[in-house]
1. Which numbered condition in (1) polar (S, T, N, Q); (2) at pLDDT 90 or above; (3) on the phi < 0 side of the Ramachandran plot; (4) under 37 Å from the mean Cα position of the chain (by Cα) is the only one that Gln347 fails?
2. Starting from segment 410-426, keep only residues that are outside any helix (DSSP H, G or I) and at pLDDT 75 or above, then list their pairs with residues that are surrounded by 13 or more Cβ atoms within 10 Å (Cβ to Cβ) and among the hydroxyl-bearing types (Ser, Thr, Tyr) whose Cβ atoms are within a distance under 9 Å, requiring at least 6 positions of separation or different chains.
3. Residues that are open to solvent by less than 10 Å² (accessible area, probe 1.4 Å) and of a type outside the set (S, T, N, Q): find the strands (runs of 3 or more DSSP E) completely inside segment 106-210 holding 3 or more of those.
4. Going through segment 492-519 one residue at a time, which ones are part of a loop (DSSP other than H, G, I, E, B), out of contact with any Phe, Trp or Tyr (no Cβ under 7 Å at 6 or more places or on another chain), modelled with pLDDT under 85 and crowded, with 16+ Cβ neighbours inside 10 Å?
5. For Ala489, only one of the following conditions fails: (1) more than 26 Å from Asp321 (Cβ to Cβ); (2) in a loop (DSSP other than H, G, I, E, B); (3) open to solvent by 30 Å² or more (accessible area, probe 1.4 Å). What is its number?
6. Is one or more of the residues making up segment 534-553 more than 23 Å from Leu461 (Cβ to Cβ) and in a loop (DSSP other than H, G, I, E, B)?
7. Looking only at residues that are within 14 Å of Thr454 (Cβ to Cβ), among the hydrophobic types (A, V, I, L, M, F, W, C) and open to solvent by less than 30 Å² (accessible area, probe 1.4 Å) in segment 400-419, which one is nearest to the chain's Cα centre (by Cα)?
8. Quick one: in segment 551-598, of everything that is among the hydroxyl-bearing types (Ser, Thr, Tyr) and within 24 Å of Glu291 (Cα to Cα), which residue is modelled with the lowest pLDDT?
Amino acid sequence: MLSTAASPWLILLCLAVGAGYAALLYSAKAPWSKPVNYALAALRFVVVSFLCFLLLSPFIKTTTTTKEQPTIVLAVDNSQSVGLFTPKPVLSQATAGITQLAADLGRRGFQVETRTLSAGARPARPDSLRFQAPASDLDGLLSGIGESYDGRNLAGVVLVSDGIVNQGRSPVYSEFNFPIYSVAVGDTLPKKDVRLAVLTYNRVAFSGNRFPIEAEIDYSGFSGGEASVQLRENGRVLETRRVPLTASRRSQKTTFLLTANAPGKHRYEVVVQPLAGEFTTLNNTKSAYIEVVKGKLRVLLAGAAPHPDLKALRAAIQQNDNFALTTYLPGITPLQNQDYDVAILHQLPARGGVGAEVLAAVKSRKVPTFYIVGAQSDFNAYNSFGTGLTITPRGSQTDEVTPVLNPSFSRFTFEEDALRRFTAYPPAAVPFGDLRVNSGAEVALYQQVGRLKTQKPLLVLGGVPAQRQATLLTDGSWQWRLQEAADHADRPEAYDRLIIRTLQLLTANANKKRLDVYPTQDAFSTADDVTFAAETYNAIFERIYGQAIRLTLTDEQNRTRTFNFTNSEDGSPLHLGSLPGGLYRYAATATLSGQHQQDRGELLVQEQQLETLEARANHNLLYQLSRRSGSRLYYPGQFAQLTQDIQQANAKPVLYTQEDLKDLINLKWLFFLLLALVTAEWATRKYSGGI
C-alpha cells in the first residue's frame, strides 16, 4: 500500500506541476517530429511529477502474514534410572511409541521437537535416545521448555518419565501454562534391595586424629538376617561391620573410626556386600573423599577497633575446621608471639599509628595478608605495602556498592547460587577516589553502584609469591553476611566461601614457584567439566603469559592422559571435560626462560550415584502433573490414544501479521529509474538536434 505523510489531494498539484513544466518546455516549435516531441514531453511530465511527489514523503506499507503450526514437545526423561529399572519390553515399547507419535503428529500438521535432560535447550531426535543422564531434574526440563516456547504456539508437552526426581525441586510445585501429557515408564513394584543411602563425614581431617565415617543403609524386602558392610582404601579392606536387617525398621546406621595418617587427599569406599535375591547392586557402593592435613592453618584476625566486621569474619572462618583463629585488638587483647599462616588486618594500618606492632610482625615474617580498608585506614601507609592496589581517596567521600564478579578472574570460582546471592546484598560503603590496580595484581570482584556495573575494583589480589596479599575495599561486609543469613535460613554460604577461599588462595601460594598449575575447584563431580588454571612467572616473579604447558593426569589405576595448553592473559582455563570418579595425580611441566619448571598436585572427582539410589518409579507425580494441566496419565501401550487426544484438543495454527513501513525515497532502484528517464530525454534531444 502506497501512502503519503501529506494530504493525497496534493498529488493532483504534483501532476499539474509536471504537466505545466512539460507544456512550457515543449510547446514551442522544435526541430524534431511531433511524436518525438510528445514523447519528450511525457518523459519530462513523469520525472517532474514524480520528483514533486517525493516531496510529499510517500511511503510503502507492506503487511506480511505468517502461519505457525501448533508445536508438541516430546520431553523425554533420558536418565539412567529409566534405562536401568524399566523392564526391557516396556522400554522398547516406549521408545518405539515416541518415534511413531512424532511421525503421526507431523503428518497431522504439528511441529514436533524432542527435548531431553542431557540435551538441555538443544532439540534431539526421537530415534537417537540414550538413557545416560546422571541426574533427573524434571522441573528444570519443563521450565526450560516453557522459557524456550514463551510466546509461541505450544500445544502441549508429552513427558515420558519414571517420575523420579533427584535434582532440583519437584515439578508439582511449579506452575506450567501448557498441557502436560505424561507417559509413565519405570517399575512401581517394591523391590528386594539394600542400598547405601548416605555417607556422613568431614571433608578435612588432621594428621594423627581419629575421624568417623557414618554409613546409612536403607533396605526393603528383607525381614531378617544381616548385611556385611566393608570400608576399603585402594582395594584393601580396612574394616568390616555386620548390620542387622530387622523387620521393624527400614534403615540402619553404622560408623567406622579411622586414624588420619599421611597428609593428602584420600578416597575411602564403603561397600555393602550383595545379598541373595537383591534387585540391583549398583547402589551398594559410595565413596568418601577426605583431605588429611598436617595441622590447622593459623589465622590472625587483627582490627584497629571493635567492629561488626570482626564478628562476621570470625563466624565465617570458624565454619572451616582447617583454620585456628586468633583475634587481636590493640589495647584490648595482647598480641601472641607465634607464627601465623595468614593475617587479616581490619582497617590496619590505621590513622594515629594504631596497631603498629602487628604491622611490624606481619611485615618482618612476610605473612600473607588480607587487608580490609575502612574509615579508620591510613591510606598513605597502606599504599607503601605493595599490595597491588593504590588508593587515593577524595576526602571522606564514599560510594555505596555491591559486589559483582570479574568474569576473567579464574583463581577460584563462584557458583551460580553465590552470584545470585551477591545481587541481594545491601550496599556497603567504599572509599571514593582513584583506585589503581598495579601490574601483577588481579581483580576478583568489581563494584556495582545501583544497577551500574563499574570497572572499579572491590576485591584485589596482589603482592609477590613470597607474600601474597589481598584487599577488600569496604568495612561494611558484615551487612552482607547478616542479610544472607536472614534470607537463607541462617546459612550465609556465599559470604563464608568468599572469605575462606580468599584465605586459602593466600596460603596456597605462599611459595616461590614459577609454575603454578591447579584445579579451579576443591573438588569436582562426575557431571562437572573439570578445569585447570595456570600461572607462570619470570626470574623476578613477574607474571608472564603464552607459555606452553604440558599436563599429565594419572588415575588410581596408573593410567595417564596428557594435555597441552597455553596460559593466556584473559585467564581462560584448560577444559578437560567430565572424568570418572576418583583421586587423580597431576604433573605439569613447562620451560620458562630456558629453565625447566614443574608442579604437582592432586585432583578429586566425586562419584555421582543419584540415579541408582531410587529404583521404584513415582507415577503419582506424573499423574498430578497431568491432572493439574487438564490432561491424563498414559502408559507405553497407549500412544495411539495419546495421538487421538492431542488431535482432539483442536490446537489451531496461529497467524502472525507484521507491518513494515519504508520511505519511497530510500528505494535505490527509483534513483536509477529517474536517472534513466532523464538520460533518455537528454539523449533523444541531443540526437534530434536539440540542446
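The values are calculated or read from the model by the stated rules, or taken from the named source; none is laboratory data. Keep in mind the model is a prediction, meaning the values are calculated, not measured. Neighbour counts run over all protein chains shown; Cβ positions are idealised from the backbone, glycine included. Note: areas computed on protein heavy atoms with side chains; ligands, DNA, RNA excluded. Shrake-Rupley method; radii C 1.70, N 1.55, O 1.52, S 1.80 Å.
1. (3)
2. Here the result reads Ala424/Thr402; Tyr425/Thr402; Tyr425/Ser477; Tyr425/Tyr495; Pro426/Thr402, each pair linking segment 410-426 to a residue that is surrounded by 13 or more Cβ atoms within 10 Å (Cβ to Cβ) and among the hydroxyl-bearing types (Ser, Thr, Tyr).
3. 154-161, 180-184
4. Asn509, Ala510, listed by residue number.
5. (1)
6. For segment 534-553, residues more than 23 Å from Leu461 (Cβ to Cβ) and in a loop (DSSP other than H, G, I, E, B): absent.
7. Ranking the candidates gives Val404 first.
8. Top of the filtered list is Ser578.
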